[in-house]
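Scroll down for the structure; my scribbles are underneath it.
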Amino acid sequence: MNSQTKKPLLEVQDLKVEIKTKVGSFVPVNGHSFSVHEGETIGIVGESGSGKSMTASALMRLLPKHVAKITEGSVRLDGKELLTLSEKQMRKVRGAEISMILQDPQTSLNPAFTVGSQIKEALRLHAPGPRRSLRSRAIDALKAVKVAAPEQRIDAYPGELSGGMRQRVVGAIAISCRPKVIIADEPTTSLDVTVQAQYLRLLRELQEETGMAILFITHDFGIVASLCHRVLVMYAGRIVESGPVGKIFANPAHPYTEALIATVPSLSGNQGRLRTIPGQPPSPAEKIVGCPFAPRCDYADARCRSEAPPTVLANGDSEHTTSCWRAVNQ
Ligand SMILES: Nc1ncnc2c1ncn2[C@@H]1O[C@H](COP(=O)(O)OP(=O)(O)OP(=O)(O)O)[C@@H](O)[C@H]1O
Ligand code: SF4
Ligand SMILES: [Mg+2]
């Protein structure tokens, strides 16, 4: 897909989130700008703590209260600015227009209610219609995510289902109201590899049917390669590289992306032992001077350690950006 020719569904500009803790404040989402188009899947990839879930929560306006807040930026969904909506208005948008599948399906289902009542609640809140049809619409939602025997499973409690099945129910709730954008935050971590592959296939099928845009958050560049059109690589709260998946795999412009790709044996050609990136990301409390990746970067020089690199086009390509001094020097 040529992302330049279509109007974006989601447009994020200069988004910043600040977290205040007893020991000080830090910025887990530091000036994100990106857009997502209809029918497009964007991967957000980065190590633990890089700010992927904070980005998702900020887009949903579901940041932890009294801890984190959006301090700058704009999030437009189909042309509508979300950051200035009242909480009441935002509740109508959540679920109906933008929906999130959480990292842990165990915690996103309430064990005390049947799966049917939880799907019906989502439909009642976000896609009101005649009441008598709610049960049949909930069964349809389970069918859409390929839950076998949905007429019986609708009356099951989450604890009576397998992990993979629970994941599908969470997916059913998220897509039941046909949102324009769905954010899937590591929905596969608790699943085994076969269930994971089935689930990813399912998401793609649903996308083909509905044209929804997907933001797919993961640690795993292998998943990005198989599922996503474009990728945003996050490091220490910043998007350090973005562009079409094929171009980034063929020609990563940021040393961190290069290192992440090298951690996936099937992509890097490094068969055998999984490589890890030496060193640790900066701790949130650390004051960063220069490039945040410099302590772990083989190419770091004096300027990298003293001045933050700007975001520039990689290889002069308008679809591919990176924040690295090496790209500036080209
Ligand atoms: N409720 C919270 N209170 C204080 N700090 C938080 C809170 N939630 C997240 N953080 C901090 O914000 C930063 C970004 O966290 P985030 O959860 O977005 O990371 P992530 O990229 O999703 O990581 P993972 O891959 O482990 O899910 C981290 O430094 C984290 O410790
Ligand atoms: S700016 Fe310097 S330290 Fe940072 S990634 Fe590029 S080469 Fe490495
Ligand atoms: Mg997370």
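None of the figures in this text is laboratory data; all of them are computed from the coordinates on show. No experiment lies behind these values; they were computed from the predicted model shown. In this analysis, Cβ positions are derived from the backbone assuming ideal geometry, glycine residues included, and neighbour counts consider all displayed protein chains.
Residues of segment 53-72 with backbone nitrogen within less than 14 Å of a virtual label 7 Å along the Cα-to-Cβ line of SER25, please, listed as ranges. Those under the cut-off are 66-72. With 19 Å as the limit on Cα-Cα distance, the pairs of LYS20/LYS287; LYS22/LYS65; LYS20/LYS80; LYS52/LYS146; LYS7/LYS180 that go past it are LYS20/LYS80; LYS52/LYS146.
Cα centroids of segment 38-89 and segment 204-244: 15 Å apart. Say we join alpha carbon atoms closer than 10 Å with springs in a Gaussian network model of the chain; which of ALA138, ALA58, ALA300 then has the biggest fluctuation? In this elastic network of the chain, the residue with the biggest mean-square fluctuation among ALA138, ALA58, ALA300 is ALA300.
With the dipole of the chain worked out from charges on the C-beta (+1 for Lys and Arg, -1 for Asp and Glu) around the Cα centre, which of SER242, GLY79, LEU202 lies farthest toward the positive end? Selected residue: GLY79. Extension gain for ARG204 to VAL328 (0.36 nm times residue separation, less C-alpha to C-alpha distance): 41.0 nm. Relative to the longest principal axis of the Cα atoms of the chain, the long axis of helix 193-210 lies at roughly 80 degrees. In degrees from 0 to 90, rounded to the nearest 10, what is the angle of the helix 163-175 Cα long axis to the longest principal axis of the chain? Here the helix axis deviates by roughly 90 degrees.
Across GLU209, GLU11, GLU151, mean-square fluctuation computed from a Gaussian network of the chain (C-alpha pairs under 10 Å connected) peaks at GLU209. Between LEU62 and ALA112, the contour length at 0.36 nm per residue exceeds the alpha carbon distance by 15.7 nm.
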